[in-house]
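Trainee: Mind having a look at this structure? Questions to follow.
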Amino acid sequence: MIFSNKPQTILESETNLLDAIDKVDALTRAEISDQHIFLVSQAFEGLLPRLGEKKNDGGQFFTPREVIRAIVQAVNPQLGRTVYDPCCGTGGFLIEAYKHIFAQHPSPTQIEMLKTETFWGREYANEAIPITLANMVLHDIDLPRIWHGNTLTGITTEASLFEGAPLQFDFILTNPPFGSKEGKDAQAAFAYKTSKGQVLFLQHIIDSLADGGTCGMVIDEGVLFHTKSAAYQQTKRKLLNECNLWCIVSLPAGVFVNAGAGAKTDLFFFTKGQPTKRIWYYDLSDIKVTKKKPLTLKHFDDFFARMALDADNPEKVSERSWYEEIETIQKKKYDVKAVNPNAPDKSDKRTPQELIAIIKEAQQEIDDGLKALKELMQ
């Protein structure tokens with residue numbers, strides 16, 4: 001199953017082929033230990049972040065696991081419901097959702113459904129498919145329901161694992177690719193035409209979400225404030241009319257630095273079936289993130305504490321948290337960018353006269369240093 005979608009797998013010698021056959025034979029005869037599967041899955045998961053290092057092609061498939069866990073915790077997928085990722089990469093969202101739902105103590109019948117009929121995904125990249133399938137199997141999802149093909153055009157490479165998929169899903173967890181440009185074949189299936197892949201994916205996600213279903217997703221911040229293109233405005237209007245966009249989280253710059261991407265990103269949370277009346281914003285943008293100090297789930301502690309409060313509770317409003325009414329957003333042509341009005345003002349308050357004095361002082365220090373250097377050289 002894992003290699004069925006690869007056109008070829010190269011083994012450099014006959015000895016390698018025989019060794020591979022021996023290993024497969026040993027696996028088929030062995031009793032698989034849950035303990036060993038856990039260790040292998042953990043090791044495999046630990047290798048995935050390296051796909052994004054050194055700006056290689058793997059970064060586009062990898063979303064930091066702490067961000068995925070925060071999204072899954074906020075959306076809170078439940079037993080007996082379907083979960084979908086239209087651009088699943090290495091399967092991170094589906095696997096974390098599986099862990100989250102399995103912790104809800106399913107019955108034996110529910111476990112069977114969880115392992116075979118709950119998690120559905122689509123992925124276009126040939127190189128990602130075997131990694132996705134292996135990752136899901138190693139994490140105990142017996143039947144990875146992954147559709148191999150172009151989600152936006154609908155062109156299929158291999159769809160046998162996706163047979164029996166529902167038309168709409170209860171939960172969608174995803175991170176559409178940043179900055180992808182799509183041709184007319186991809187745009188043809190959508191009401192609002194644009195070459196921007198994220199905007200098309202957003203339309204696909206809204207249409208794929210069942211009434212009452214909830215989505216948590218990563219989105220490039222440019223989509224939030226872009227209003228000059230009709231497709232951007234129309235897609236965001238569709239989102240706000242058909243769904244309750246109940247929260248936007250502004251992430252720090254550099255969240256995807258370890259995945260080889262530098263885009264400023266946000267999180268969208270919305271539930272389909274009721275129009276948006278107002279949006280709760282939460283600001284994490286002032287956290288400094290580097291390769292050695294990534295964003296962690298602990299950074300979301302206050303967010304989850306406030307999310308648990310009643311929506312009308314004034315305690316929810318803080319330096320990091322505020323609301324915006326839908327009427328204001330409509331007047332701004334559906335600009336939904338998170339601009340925190342409560343953030344401390346860190347702008348430079350120095351007057352032009354003060355700046356000129358600082359420059360003169362610095363120049364005097366330079367002149368004195370040059371003079372002393374010349375005297376030493378004589």
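Trainee: What about Leu79, is it part of a loop (DSSP other than H, G, I, E, B), surrounded by 18 or more Cβ atoms within 10 Å (Cβ to Cβ) and either without any contact (Cβ under 8 Å) to a residue 40 or more places away in the chain or in contact with a helix residue (DSSP H, G or I) (Cβ under 6 Å, 6 or more places away or on another chain) (or both)?
Mentor: Against the criterion (part of a loop (DSSP other than H, G, I, E, B), surrounded by 18 or more Cβ atoms within 10 Å (Cβ to Cβ) and either without any contact (Cβ under 8 Å) to a residue 40 or more places away in the chain or in contact with a helix residue (DSSP H, G or I) (Cβ under 6 Å, 6 or more places away or on another chain) (or both)), Leu79 does not qualify.
Yes/no per residue for (1) modelled with pLDDT under 95; (2) in contact with a Ser or Thr (Cβ under 9 Å, 6 or more places away or on another chain); (3) over 18 Å from Cys88 (Cβ atoms):
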| site | (1), (2), (3) |
| --- | --- |
| Asp170 | no, yes, no |
| Phe178 | yes, yes, no |
| Asp185 | yes, yes, yes |
| Tyr192 | no, yes, yes |
| Leu202 | no, yes, no |
| Asp207 | no, no, no |
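Residues are listed down the side, and each one gets a yes or a no for (1) within 24 Å of Gly154 (Cβ to Cβ); (2) modelled with pLDDT of 95 or more:
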| position | (1), (2) |
| --- | --- |
| Asp220 | yes, no |
| Lys238 | yes, yes |
| Asn258 | no, no |
| Ala261 | no, no |
| Thr265 | no, no |
| Val289 | no, no |
| Met307 | no, no |
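Trainee: Among the residues of the stretch 84-109, which ones are in contact with a strand residue (DSSP E or B) (Cβ under 8 Å, 6 or more places away or on another chain) and within 25 Å of Gly179 (Cα to Cα)?
Mentor: Matches in the stretch 84-109: Tyr84, Asp85, Pro86, Cys87, Cys88, Gly89, Gly91, Phe93, Leu94.
Trainee: Only one of Lys337, Lys277 is in contact with a strand residue (DSSP E or B) (Cβ under 8 Å, 6 or more places away or on another chain) and surrounded by 11 or more Cβ atoms within 10 Å (Cβ to Cβ); which?
Mentor: On inspection, the qualifying residue turns out to be Lys277.
Trainee: Answer yes or no as to whether Leu143 is over 26 Å from Val249 (Cα atoms), in contact with an Asp or Glu (Cβ under 8 Å, 6 or more places away or on another chain) and in the same structural domain as Thr265 (by TED's automatic domain parsing).
Mentor: Against the criterion (over 26 Å from Val249 (Cα atoms), in contact with an Asp or Glu (Cβ under 8 Å, 6 or more places away or on another chain) and in the same structural domain as Thr265 (by TED's automatic domain parsing)), Leu143 qualifies.
Trainee: Okay, next question. I'd like to verify a number: residues in the stretch 258-310 that are outside any helix (DSSP H, G or I), under 27 Å from Glu327 (Cβ atoms) and touching a Lys or Arg at 6+ places or on another chain (Cβ under 7 Å), how many?
Mentor: Selection size over the stretch 258-310: 3.
Trainee: Being free of Cβ contacts under 8 Å to residues at least 12 places away in the same chain and in a loop (DSSP other than H, G, I, E, B) is the filter; apply it to the stretch 326-345 and report the residue that is farthest from Tyr281 (Cα to Cα).
Mentor: Selected residue: Asp345.
Trainee: Residues of the stretch 99-116 being in contact (Cβ under 8 Å) with a residue 12 or more places away in the chain and out of contact with any Gly (no Cβ under 8 Å at 6 or more places or on another chain), which ones? Let's see the steps before the verdict.
Mentor: Residues of the stretch 99-116 that are in contact (Cβ under 8 Å) with a residue 12 or more places away in the chain, as a first pass: 99-102, 104, 106, 110, 113-116.
Result: Lys99, His100, Ile101, Phe102, Gln104, Pro106, Leu114, Lys115, Thr116.
Trainee: Which strands (runs of 3 or more DSSP E) does the stretch 169-251 wholly contain that include 3 or more residues that are small (Gly, Ala, Ser) and assigned by TED's automatic domain parsing to the domain that holds Gln78?
Mentor: Details: elements: 169-174, 209-220, 243-250.
Fully inside the stretch 169-251 and qualifying: 209-220.
Trainee: Return only the number of the condition from (1) in contact with a Leu (Cβ under 7 Å, 6 or more places away or on another chain); (2) of a type in the set (Phe, Trp, Tyr); (3) over 20 Å from Ala338 (Cβ atoms) that Phe270 does not satisfy.
Mentor: Failing condition for Phe270: (3).
Trainee: Turning to a different aspect of this structure: Looking only at the stretch 97-115, decide whether some residue is assigned to a loop (DSSP other than H, G, I, E, B), surrounded by fewer than 22 Cβ atoms within 10 Å (Cβ to Cβ) and in contact with a Ser or Thr (Cβ under 8 Å, 6 or more places away or on another chain).
Mentor: Taking the stretch 97-115 first, the residues assigned to a loop (DSSP other than H, G, I, E, B) are 103-107.
Applying the additional criterion that residues be surrounded by fewer than 22 Cβ atoms within 10 Å (Cβ to Cβ) yields 103-107.
In the following step, the residues that additionally are in contact with a Ser or Thr (Cβ under 8 Å, 6 or more places away or on another chain) were identified as none.
No, the stretch 97-115 contains no residue that is assigned to a loop (DSSP other than H, G, I, E, B), surrounded by fewer than 22 Cβ atoms within 10 Å (Cβ to Cβ) and in contact with a Ser or Thr (Cβ under 8 Å, 6 or more places away or on another chain).
Trainee: I want to confirm something. Restricting to the stretch 276-296 and keeping residues that are more than 18 Å from the chain's Cα centre (by Cα) and touching a residue at least 40 places away in the same chain (Cβ under 8 Å), which single residue is nearest to Val317 (Cα to Cα)?
Mentor: Here the answer is Trp280.
Trainee: Here's a follow-up. Being assigned to a helix (DSSP H, G or I), closer than 26 Å to Gly222 by Cβ and not aromatic (Phe, Trp, Tyr), is that true of even one residue in the stretch 346-369?
Mentor: no
Trainee: Going through the stretch 210-223 one residue at a time, which ones are of a type in the set (A, V, I, L, M, F, W, C) and within 12 Å of Thr174 (Cα to Cα)?
Mentor: Cys215, Met217, Val218, Ile219 - these are the residues of the stretch 210-223 that are of a type in the set (A, V, I, L, M, F, W, C) and within 12 Å of Thr174 (Cα to Cα).
The values are calculated or read from the model by the stated rules, or taken from the named source; none is laboratory data. Small disclaimer: the values here were computed from a predicted structure and weren't measured. In this analysis, Cβ positions are derived from the backbone assuming ideal geometry, glycine residues included, and neighbour counts consider all displayed protein chains.
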